[in-house]
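Peer 1: I am attaching a structure below and will ask some questions about it afterwards.
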Amino acid sequence: MFDSKVLVMFAFVFVVICSVRVEGRQGARNNRRMQDALNYRQSRFLSLFTFVQFSNQECMGTGGENGTCLTSAQCTQRGGTGGGPCAGGYGICCIFMATCGMTIRENGTYFVNTGYPTPYDGTGSCQITLMKMNADICQYRLDFLQFQLMGPEQQNNICNNDQFIVSGGGSPVPPICGLNNGNHMYIDAGSGLGTPMTLSMITSGPSFRRNWKIRVVQIPCTSIYRAEDGCLQYYTGVAGQIMSFNYDPANGLQLSNQDYGICIRTERNFCGIQYTQCPDTVNNRSQSFTLSGNTGNNNQVPAMVGSTGTGNFCQNDYLIIPMASNVGRPVLGQITSVDRICGGTLSADVTLNETPVRSKSFKIVT
Ligand SMILES: *[C@@H]1O[C@H](CO)[C@@H](O)[C@H](O)[C@H]1NC(C)=O
Ligand SMILES: *[C@@H]1O[C@H](CO)[C@@H](O)[C@H](O)[C@H]1NC(C)=O
Ligand SMILES: *[C@@H]1O[C@H](CO)[C@@H](O)[C@H](O)[C@H]1NC(C)=O
């Protein structure tokens, strides 16, 4: 899209050059009129150029960050730093970074730890304030490009050393900790322009090399890529990978007190979803799913399903996949579909073998 605008710009320059040539052959009488036309064209050219520059086009900075293409003066005035040329060299790719105590107003700002890119080994509270760039902002998408805090304590898996806390806004967001590289959240920006939110990194406890780099994108209420209400995570496309917070096969622990929705956009011509557990490549085993089930060794615990029963069922921690059933085999003496799933294997009935789980609902809750 941006490239096509640049092309339009160059085509226009070409037209202006042609008319200068024509002017030379037509003599002095037409000179003034041609000059006016040229000025007119130049001013249109300039306003087109201005439009391209100031329309918040995304660009890729030399350091790999996404920025906004601005003039150098604008970038400085808005508190960004230059990350290489954009718009064919007419602008600079302005990167916005913020750390403790700052307020974010620019789309695509990166919230980084003190001393970034060096890890931060200290205690305290690092907060930034999120302000909507305009009244039509309904959500923020947080991309955890880097997110390494201390994990939860080992008894009840509560984040009592370090925590990432989102406050203000609409729906509540569970506090998280540990390793969350590559994960994301959509947070409800609340109504009205004057409702700032805060993102807080609380670090306490022993020495630890913490780092974070979180990209904060502002999502207009009217945009098609806005997540549905009640979805803390939102996936698009026909395939993807869902990870719980602090998913870390090396030494991750399931976090306590989480309760959130994960949504998958219904893509055109699709009417259901199939879930399969991913291989755990770190521990060289097939299952990466355990929810109050086995804990890292090879004593595999069967899948548990449902909320009541005499055998194994899910009372404390579970994933809700509405109307889930197994793929390709009859349900073994069980109810035909379940909602709650837990245990040491992903399946919609009590079995040791993982089985792909199918559902027609595009929202799951954990
Ligand atoms: C830049 O934006 C693209 C598209 O939104 C995204 O996939 C990528 O992760 C972003 N990169 C960074 C470093 O923010
Ligand atoms: C913020 O940036 C993202 C990614 O470039 C874009 O999709 C979104 O529309 C922008 N938000 C606003 C309010 O312009
Ligand atoms: C992974 O496990 C399989 C059997 O489960 C074994 O044959 C293989 O050697 C293991 N690979 C590694 C790298 O340990």
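Peer 1: Within the set of pairs 6 or more residues apart or between chains, which connect a residue that is closer than 27 Å to GLY192 by Cβ inside the stretch 160-180 to a residue that is of a type in the set (D, E, K, R) and part of a loop (DSSP other than H, G, I, E, B) with Cβ atoms less than 9 Å apart?
Peer 2: Here the result reads GLY170/ASP229; SER171/ASP229; PRO172/ASP259; PRO174/ASP259, each pair linking the stretch 160-180 to a residue that is of a type in the set (D, E, K, R) and part of a loop (DSSP other than H, G, I, E, B).
Peer 1: Can you spot a residue in the stretch 131-144 that is open to solvent by less than 10 Å² (accessible area, probe 1.4 Å), closer than 28 Å to ARG209 by Cβ and touching a Leu at 6+ places or on another chain (Cβ under 9 Å)?
Peer 2: The answer is yes; a qualifying residue exists.
Peer 1: Could you tell me whether the stretch 157-168 includes any residue that is surrounded by 14 or more Cβ atoms within 10 Å (Cβ to Cβ), charged (D, E, K, R) and away from ligand 2 (no atom under 16 Å from the Cβ)?
Peer 2: The answer is yes, given that some residue of the stretch 157-168 is surrounded by 14 or more Cβ atoms within 10 Å (Cβ to Cβ), charged (D, E, K, R) and away from ligand 2 (no atom under 16 Å from the Cβ).
Peer 1: Can you name the condition, by its number, that THR103 falls short on among (1) within 16 Å of ligand 2 (Cβ to nearest atom); (2) out of contact with any Gly (no Cβ under 7 Å at 6 or more places or on another chain)?
Peer 2: All conditions pass for THR103, except number (1).
Peer 1: Filter the stretch 111-128 down to residues that are open to solvent by less than 40 Å² (accessible area, probe 1.4 Å) and either within 20 Å of SER167 (Cβ to Cβ) or not assigned by TED's automatic domain parsing to the domain that holds ASN161 (or both) and give me whichever is farthest from ligand 2 (Cβ to nearest atom). Can you show your working first?
Peer 2: Step one: of the stretch 111-128, the residues open to solvent by less than 40 Å² (accessible area, probe 1.4 Å) are 111-113, 122, 124, 126, 128.
Those still in the list that are either within 20 Å of SER167 (Cβ to Cβ) or not assigned by TED's automatic domain parsing to the domain that holds ASN161 (or both) too: 111-113, 124, 126, 128.
On the way: PHE111: 15, VAL112: 18, ASN113: 23, GLY124: 30, CYS126: 24, ILE128: 17 Å.
Within the stretch 111-128, the match that is farthest from ligand 2 (Cβ to nearest atom) is GLY124.
Peer 1: Can you tell me which residue within the stretch 79-106, out of those that are more than 16 Å from ligand 1 (Cβ to nearest atom) and closer than 23 Å to TRP212 by Cα, is most open to solvent (accessible area, probe 1.4 Å)? Before the answer, list the steps.
Peer 2: Filtering the stretch 79-106 for residues more than 16 Å from ligand 1 (Cβ to nearest atom) gives 79, 82, 85, 87-92, 99-103, 105.
From what's left, closer than 23 Å to TRP212 by Cα: 79, 82, 99-103, 105.
Numbers: GLY79: 54, GLY82: 56, THR99: 40, CYS100: 53, GLY101: 70, MET102: 84, THR103: 66, ARG105: 134 Å².
Residue satisfying both the conditions and the ranking: ARG105.
Peer 1: Taking the criterion of being open to solvent by 30 Å² or more (accessible area, probe 1.4 Å), not in a loop (DSSP other than H, G, I, E, B) and not polar (S, T, N, Q), would at least one residue in the stretch 227-250 satisfy it?
Peer 2: Yes.
Peer 1: Looking at (1) outside any helix (DSSP H, G or I); (2) under 25 Å from LEU193 (Cβ atoms); (3) more than 14 Å from ligand 1 (Cβ to nearest atom), which one does GLN74 not meet, given that it meets all the others?
Peer 2: (1)
Peer 1: Kindly evaluate ARG105 against the criterion of being at pLDDT below 95 and under 16 Å from VAL217 (Cβ atoms).
Peer 2: Spelling it out, ARG105 is indeed at pLDDT below 95 and under 16 Å from VAL217 (Cβ atoms).
Peer 1: Please specify each residue of the stretch 251-277 satisfying the condition of being under 15 Å from ASN183 (Cβ atoms), modelled with pLDDT of 90 or more and open to solvent by 30 Å² or more (accessible area, probe 1.4 Å).
Peer 2: If the condition is that a residue be under 15 Å from ASN183 (Cβ atoms), modelled with pLDDT of 90 or more and open to solvent by 30 Å² or more (accessible area, probe 1.4 Å), then GLN258 is the only one that fits.
Peer 1: Can you name the residue in the stretch 111-150 that is farther than 30 Å from GLY194 by Cα and hydroxyl-bearing (Ser, Thr, Tyr) and is also farthest from the chain's Cα centre (by Cα) among such residues?
Peer 2: Within the stretch 111-150, the match that is farthest from the chain's Cα centre (by Cα) is THR123.
The values are calculated or read from the model by the stated rules, or taken from the named source; none is laboratory data. All figures in this text were calculated on a predicted structure; none of them were measured in a lab. Neighbour counts run over all protein chains shown; Cβ positions are idealised from the backbone, glycine included. The area values use the complete protein model at the heavy-atom level, side chains included, leaving out ligands, DNA and RNA. Shrake-Rupley method; radii C 1.70, N 1.55, O 1.52, S 1.80 Å.
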